[in-house]
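What follows is one structure encoded as structure tokens, with my remarks underneath.
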Amino acid sequence: MKNILVIAETFQGKIRKTSLPAVTFAAELAGKVGGEFSIALFGSGVAGLAGELTGFGAKNVYVVDAPGFANYLGGPWAKAVVALAQQAGATAVAAVSDTFSRDLLPRVAARMGAGMVSETTAIVGDGAGVKFQRPMWAGNVLGTVEVRTPTAVFGVRGTDFDPPKATGGASAVQNASIAFADDGKATYVKFEPTVSARPDLAEAAVVISGGRGLKDAAGFALLNPLADMLKAAIGATRAVVDAGICPNDLQVGQTGRVVAPQLYFAVGLSGAIQHVAGMKNSKVIVAINKDEEAPIFSVADYGLVGDAFKILPELTDAIRKHKGL
Amino acid sequence: MKILVTAKRVTDPDAKIRVKADGTGIETAGLEYKLNPFCENAIEAAVQLQEKQGGEVVAVTIGDDDAVQNLRTALAMGADRGIHVKLPDAQMDSDLAARILVKLFEQEKPDLFLLGKQAVDGDSNQVGQLVAEYLDLPQACFASKLEVAGDKLTVDRELDGGMETIQVGLPAVVTADLRLNTPRLPTLPNVLKAKRKPVQELTIDALGVDPALTVATIAYEAPPARKGGIKVKTVEELMDKLVNEAKAL
């Protein structure tokens with residue numbers, strides 16, 4: 001795994017910043033095993049974005065730019081990634097764990113005959129004995145794993161690696177000629193983006209999540225003024241999403257989004273294991289819940305027991321005054 | 001339509017899991033086991049498809065002797081028969097599970113292979129995708145809606161940032177997300193009926209699957225605990241802490 005290929009992701013014509021902590025992972029791994037890393041960018045009309053990736057110390061930035069890659073399909077993309085890995089002499093492939101790479105990377109691993117580590121949170125040791133840590137059982141267990149194949153694939157947990165540092169160097173941009181091999185077995189139909197003026201959950205410095213305690217859409221809307229003021233992303237528990245109050249991709253937790261903002265407000269949510277798995281690495285956690293026994297208080301830095309319907313407007317007002325707004 | 005569907009046995013998703021003192025695994029004393037929630041969604045989807053257009057639903061589990069209990073739950077939900085591949089979780093990784101399922105797919109030749117998108121114990125989210133690549137099949141992962149028309153399946157996929165729709169030709173691999181459906185609770189008559197449904201027991205030797213792991217978990221530990229927080233009594237006190245102590249505002 002000495003030559004690592006990092007997949008940088010694009011979303012709606014831009015580099016998806018949340019995919020870049022995989023570069024930091026690759027740089028760290030390359031340092032520990034005495035190897036090097038390159039970055040790959042796949043898409044249609046993405047060549048112009050390559051310049052944004054050349055300052056992170058990668059040996060090469062490979063661009064695979066062809067109309068076929070306008071939309072993602074697991075089978076053809078896995079073929080293309082493995083073809084590029086072979087061209088580039090890569091023995092490991094890494095990408096930040098999100099719904100794109102969770103779909104793609106296992107196929108890449110199967111095709112390469114590589115062991116895959118999902119949701120890697122840390123690199124342990126170095127050289128031939130290097131091992132990896134990853135959360136299991138909704139983050140209640142930290143497993144140390146070793147890869148037993150000569151090649152390896154890594155899903156990287158983005159909240160556990162920093163955004164890449166600008167090294168000042170300039171990676172060589174290589175246009176790789178990889179065909180989009182359409183096998184006709186799958187067809188892209190459409191994508192309906194979640195429309196929101198708020199920052200993305202994974203990128204926001206402040207996240208405000210609501211749970212069942214907010215009762216309904218009107219209750220949940222009480223989070224909006226606070227979120228507006230703090231430029232926060234809004235998250236939710238499974239119960240809220242299941243009730244149709246929030247879009248699916250706002251679910252924070254074991255099987256949804258994993259976030260680690262500077263400040264996390266948990267409002268009217270109990271703190272089920274599954275939810276806590278997605279937010280417990282937040283820097284500062286504030287919990288507001290009327291049930292003083294709620295498990296969320298055991299992970300919160302500051303807990304306030306009380307009625308969220310009463311506390312939210314008060315808190316919003318207090319923050320407004322503090323900010324001089 | 002013939003559907004193969006997974007029924008993995010997992011520790012109770014709501015149980016607090018603790019690590020053994022010697023770091024060789026988790027404390028299993030007193031733990032209850034359940035059907036993996038995402039497999040429940042997959043089984044429900046399989047049974048609903050069968051109710052609409054007939055065919056057969058074959059549920060498969062890989063696990064120790066007790067895993068047959070959870071396989072019976074799948075049969076009680078409506079699967080017609082079961083396959084139990086006897087192999088403890090500790091001797092398995094995602095890749096080995098996938099290679100076993102590939103063998104079963106080749107034996108059973110289903111039109112559709114439905115799996116849960118991840119098991120809530122290992123949390124790897126790999127098996128469906130691995131199977132699809134090994135069999136060179138199209139995949140639709142994280143499905144929240146399924147529609148069959150002829151030999152094509154239209155699937156809505158839950159992605160970060162929105163909802164995607166793709167169409168896959170059968171046979172295909174689909175992994176279920178939570179919003180796909182609400183799994184039914186087996187009725188008592190169906191639980192009793194499930195006891196009489198056939199379950200085939202297999203071993204990886206009989207299937208001719210290499211037991212080698214690609215990734216091995218060699219140690220288990222508890223994650224670092226968060227430092228205990230405090231309770232504040234008023235919004236003013238909370239503001240004071242956030243501004244002056246945490247410097248978070």
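Among the residues of segment B:175-189, which ones are polar (S, T, N, Q), buried (at least 17 other Cβ atoms within 10 Å of the Cβ) and either part of a strand (DSSP E or B) or away from every other protein chain (no Cβ under 14 Å) (or both)? Give the derivation first.
Residues of segment B:175-189 polar (S, T, N, Q): B:175, B:181-182, B:187.
So of that shortlist, the ones also buried (at least 17 other Cβ atoms within 10 Å of the Cβ) come out as B:175, B:181.
Hit for segment B:175-189 is B:T175, nothing else.
Within segment B:155-184, residues that are closer than 28 Å to A:E203 by Cα and of a type in the set (K, R) sit with their Cβ atoms under 7 Å from residues that are open to solvent by 20 Å² or more (accessible area, probe 1.4 Å) and in a helix (DSSP H, G or I), at 6+ positions apart or across chains, in these pairs: B:R179/A:N248. Only a single item in (1) under 24 Å from A:L84 (Cβ atoms); (2) more than 20 Å from the chain's Cα centre (by Cα); (3) touching a residue at least 12 places away in the same chain (Cβ under 8 Å); (4) in a loop (DSSP other than H, G, I, E, B) is not met by A:Q174, and it is number (4). Could you please let me know if A:P261 is out of contact with any Cys (no Cβ under 7 Å at 6 or more places or on another chain) and free of Cβ contacts under 8 Å to residues at least 60 places away in the same chain? The answer is yes for A:P261. When segment A:83-96 is filtered for residues that are surrounded by fewer than 24 Cβ atoms within 10 Å (Cβ to Cβ) and either within 22 Å of B:R157 (Cα to Cα) or among the β-branched types (V, I, T) (or both), only A:T91 remains. For segment B:57-76, which residues satisfy the criterion of being surrounded by 23 or more Cβ atoms within 10 Å (Cβ to Cβ), charged (D, E, K, R) and more than 15 Å from B:R196 (Cα to Cα)? The answer is none; no residue qualifies. Among residues of segment A:47-62 being surrounded by fewer than 22 Cβ atoms within 10 Å (Cβ to Cβ) and among the aliphatic types (A, V, I, L, M), the one that is farthest from the chain's Cα centre (by Cα) is A:A47. Within segment B:127-156, can you find the residues that are open to solvent by 10 Å² or more (accessible area, probe 1.4 Å) and touching a Ser or Thr at 6+ places or on another chain (Cβ under 7 Å)? Answer for segment B:127-156, where residues must be open to solvent by 10 Å² or more (accessible area, probe 1.4 Å) and touching a Ser or Thr at 6+ places or on another chain (Cβ under 7 Å): B:V127, B:E147, B:T154, B:D156. Summed over segment A:248-267, residues that are assigned to a loop (DSSP other than H, G, I, E, B) and open to solvent by less than 10 Å² (accessible area, probe 1.4 Å) total 3. A:A30: under 24 Å from A:P193 (Cα atoms), open to solvent by less than 20 Å² (accessible area, probe 1.4 Å) and free of Cβ contacts under 8 Å to residues at least 60 places away in the same chain, yes or no? In short, no. The set of residues in segment A:306-325 that are within 10 Å of chain B (Cβ to nearest Cβ), aliphatic (A, V, I, L, M) and open to solvent by 20 Å² or more (accessible area, probe 1.4 Å) contains only A:A318.
Can you find a residue in segment B:94-114 that is within 14 Å of chain A (Cβ to nearest Cβ), open to solvent by 10 Å² or more (accessible area, probe 1.4 Å) and either hydroxyl-bearing (S, T, Y) or in contact with a His (Cβ under 9 Å, 6 or more places away or on another chain) (or both)? Yes. Exactly one residue out of A:G244, A:G303 is within 11 Å of another protein chain (Cβ to nearest Cβ), of a type in the set (G, A, S) and over 25 Å from the mean Cα position of the chain (by Cα): that is A:G303. If the condition is being in contact (Cβ under 8 Å) with a residue 24 or more places away in the chain, part of a loop (DSSP other than H, G, I, E, B) and under 30 Å from A:S298 (Cα atoms), then segment B:197-242 contributes only B:A222.
Does B:A90 fit the bill of being surrounded by fewer than 16 Cβ atoms within 10 Å (Cβ to Cβ), under 30 Å from A:S298 (Cα atoms) and among the hydrophobic types (A, V, I, L, M, F, W, C)? Spell out how you get there, then give the answer.
On the way: surrounded by fewer than 16 Cβ atoms within 10 Å (Cβ to Cβ): yes; under 30 Å from A:S298 (Cα atoms): no; among the hydrophobic types (A, V, I, L, M, F, W, C): yes.
No; evaluated as a whole, the condition is false for this residue.
Within segment A:287-314, residues that are in a helix (DSSP H, G or I) have Cβ atoms under 6 Å from residues that are of a type in the set (A, V, I, L, M, F, W, C) and open to solvent by less than 40 Å² (accessible area, probe 1.4 Å) in these pairs: A:I296/A:A266; A:I296/A:A287; A:F297/A:A287; A:A308/A:V267; A:A308/A:I288; A:I311/A:I288; A:E314/B:V235, counting only partners at least 6 apart in sequence or on another chain. Number of residues in segment A:159-192 that are surrounded by fewer than 16 Cβ atoms within 10 Å (Cβ to Cβ), within 14 Å of chain B (Cβ to nearest Cβ) and of a type in the set (D, E) equals 3.
The values are calculated or read from the model by the stated rules, or taken from the named source; none is laboratory data. Every value quoted in this text rests on a predicted model; they were computed, and no experiment measured them. Neighbour counts are summed over all protein chains in view; Cβ atoms, including those assigned to glycine, are modelled from backbone coordinates with ideal geometry. Quick note on the areas: whole protein, heavy atoms, side chains included, nothing else; ligands and nucleic acids left out. Shrake-Rupley method; radii C 1.70, N 1.55, O 1.52, S 1.80 Å.
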